[in-house]
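The values are calculated or read from the model by the stated rules, or taken from the named source; none is laboratory data. Everything numeric here is computed off the predicted structure, so don't read it as measured data. No Cβ is skipped: glycine too gets one built from the backbone with ideal geometry, and neighbour counts run over all protein chains shown.
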Amino acid sequence: MSEREHILERVRAAIKSVPAIELHGHSIKLGYADGALTIEGEVADIAKKKLCLEAAASVPGIAGIVDRLHVRPATHMGDREIRDHVREVLLGEPAFADMAIGEIDREKRRTLRQPPGVSAEITSEVHDGVVTLTGSVPGLVEKRLAGALVWWVPGVRDVVNGLAVDPPEAESEAGLTDAVRVVLEKDPFVNDAQIRVRSHMTSVMLSGLVPSESECHMAELDAWSIFGVDKVINRIQVHR
């Protein structure tokens, strides 16, 4: 067995060893060259996507990952329809009210809103269900909120959050916790008042009480959707 085949076999084993990934019915293709692993295909949700990437990155010999792994959307939409939803979400979010909002369609940028004298700006582009965000925002909370809100759009297969933070802001556990709390508060299907959040490095722990399994699962996916979160420990209890 060549070195390439050996590494690919170890990556497959690492992915299969994580029970939560559950690849039944989903196909993943792997490639490897010069230390870079290419991983592509579809998985059920954002949690499984991040778990796959984390498992692959843990294999010795992987110097970098080319991420082409997408989430299979519950609702299939064309790029135009996704773009309409993303536009509505970004323009309607109060936290972005003082920011410029734009979109790229067929390689042409269109300004949707341009408040006078502002430098903060979010531009979205949709291609094959993948939404790319570019521009700059004033803080990591805004960057993370933008990404999470776009993940909620039906039909989205992936979000590439390329928003810069200006002025630069250092990553912190307190900042990550704040971002999770903000996103949970924005989710109309989650009662964030009953959920506690703690962060350690790139790991988030959720605890508290919710009335249904669906709300518990939704809160966990909200945490997974946040830029910079690599692990979610869900200790939320369901009470009826």
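Remarks
- Among the candidates E42, E3, the residue that is modelled with pLDDT under 95 and either among the polar types (S, T, N, Q) or surrounded by fewer than 14 Cβ atoms within 10 Å (Cβ to Cβ) (or both) is uniquely E3.
Yes or no, residue by residue, for (1) of a type in the set (S, T, N, Q); (2) touching a strand residue (DSSP E or B) at 6+ places or on another chain (Cβ under 6 Å):
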position	(1), (2)
D67	no, no
E88	no, no
I101	no, yes
R113	no, yes
S119	yes, no
G129	no, no
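- Among the residues of the stretch 126-157, those identified as surrounded by fewer than 21 Cβ atoms within 10 Å (Cβ to Cβ) and assigned to a strand (DSSP E or B) are H127, V130, T132, T134, G135, S136.
- Residue check for A164: more than 24 Å from I236 (Cβ to Cβ), in contact with a strand residue (DSSP E or B) (Cβ under 9 Å, 6 or more places away or on another chain) and loosely packed, with under 15 Cβ neighbours inside 10 Å: yes
- Restricting attention to the stretch 71-96, the residues that are loosely packed, with under 13 Cβ neighbours inside 10 Å, under 26 Å from E185 (Cβ atoms) and either at pLDDT below 95 or in contact with a Cys (Cβ under 8 Å, 6 or more places away or on another chain) (or both) add up to 2.
- Selection count, the stretch 191-230, where residues are in a loop (DSSP other than H, G, I, E, B), surrounded by 14 or more Cβ atoms within 10 Å (Cβ to Cβ) and either at positive phi or not hydroxyl-bearing (S, T, Y) (or both): 6
- Elements of type strands (runs of 3 or more DSSP E) in the stretch 1-74, at least 3 residues being over 19 Å from the mean Cα position of the chain (by Cα), outside the structural domain of D128 (by TED's automatic domain parsing) and within 26 Å of N161 (Cβ to Cβ): 28-33
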